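The structure appears below as structure tokens.
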Amino acid sequence: GIITKLKSELDVDPKLWCPNHAADTKYSVEGMTALGKELLDDFARQGVQRVDYYVSALGNGSSLRGVGALLRDQLGTRLVGVEPLECPTNFVACYPGRFEEKYRRPPTHSRHELIGTGAWDYEADARVEFEFPNTQHMLSQLDGIELVEGSEWRAASQELQDEYQQFVGSTSAACFVAGKRILEREPGANVLLMFYDPLWKYLNLQGVETGFG
């Protein structure tokens with residue numbers, strides 16, 4: 001109910017302002033571009049001369065447009081998006097007919113747990129038509145979209161906990177799945193992905209293997 005409450009407060013108090021990073025095309029992108037510059041400085045200090053792929057969840061698109069575009073322009077990095085198999089909104093828009101060809105069935109648009117992706121409104125428990133402007137800006141610049149289903153990112157979440165002591169959220173685990181796929185296809189590639197947020201934020205989601213307690 002936090003979104004409903006926020007909207008009601010904004011409607012009655014003109015002094016309040018919401019940055020709304022989902023729709024913002026300036027400040028959130030500038031922040032992520034600054035992060036991209038930090039990464040480039042780190043790469044230079046560590047002697048990293050190439051990043052072959054940057055893997056990004058297709059959520060609000062600020063990291064893809066900020067970090068991803070900078071890496072593409074500076075290092076020739078290829079950009080790969082990640083979406084839930086259960087709700088492949090951008091995949092279907094970008095590659096008409098490919099889902100049916102690959103999975104031998106029509107795509108669904110159903111509930112999933114990759115928060116912030118797949119055009120799903122968790123409050124209404126329904127698909128939404130809102131399109132993130134930063135993601136839309138970057139779709140034509142993607143080199144591919146990887147679809148990840150629930151069982152895959154849950155297994156990856158457990159692997160990240162058990163093998164690497166990384167307790168990360170579901171979208172981060174899905175990006176990990178996509179990164180491993182790329183490395184299976186291209187052993188030796190340099191793949192960069194972000195761990196967006198910690199697992200504890202998602203402990204109320206059914207089916208998430210938390211590894212705690």
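List of remarks:
- Count of the stretch 136-177 residues which are assigned to a loop (DSSP other than H, G, I, E, B), of a type in the set (A, V, I, L, M, F, W, C) and out of contact with any helix residue (DSSP H, G or I) (no Cβ under 6 Å at 6 or more places or on another chain): 1
- Cβ-Cβ under 7 Å pairs, at least 6 apart or on other chains, the stretch 123-150 side in contact (Cβ under 8 Å) with a residue 12 or more places away in the chain, far side among the hydroxyl-bearing types (Ser, Thr, Tyr) and open to solvent by 20 Å² or more (accessible area, probe 1.4 Å): Pro133/Thr25; Asn134/Thr25
- When the stretch 72-84 is filtered for residues that are more than 19 Å from Pro133 (Cβ to Cβ) and either open to solvent by 20 Å² or more (accessible area, probe 1.4 Å) or small (Gly, Ala, Ser) (or both), the ones remaining, listed by number, are Asp73, Gln74, Leu75, Gly76, Arg78.
- From the options Leu16, Leu6, residue that is among the hydrophobic types (A, V, I, L, M, F, W, C), open to solvent by 70 Å² or more (accessible area, probe 1.4 Å) and assigned to a loop (DSSP other than H, G, I, E, B): Leu16
- Of all residues in the stretch 155-172, those being of a type outside the set (Ser, Thr, Tyr) and surrounded by 18 or more Cβ atoms within 10 Å (Cβ to Cβ) number 5.
- Thr117 being assigned to a loop (DSSP other than H, G, I, E, B), within 18 Å of the chain's Cα centre (by Cα) and of a type in the set (Ser, Thr, Tyr): yes
- Residue among Ala124, Ala69, Ala93 that alone is on the phi < 0 side of the Ramachandran plot and surrounded by 15 or more Cβ atoms within 10 Å (Cβ to Cβ): Ala69
- Among the candidates Arg45, Arg111, residue that is open to solvent by 70 Å² or more (accessible area, probe 1.4 Å), part of a loop (DSSP other than H, G, I, E, B) and of a type in the set (D, E, K, R): Arg111
The values are calculated or read from the model by the stated rules, or taken from the named source; none is laboratory data. Computed from a predicted model, the values in this text were never measured in an experiment. Positions of Cβ are generated from backbone atoms using ideal geometry, with glycine treated the same way; all protein chains shown enter the neighbour counts. Accessible surface areas use protein heavy atoms only, side chains included; no ligands, DNA or RNA. Shrake-Rupley method; radii C 1.70, N 1.55, O 1.52, S 1.80 Å.
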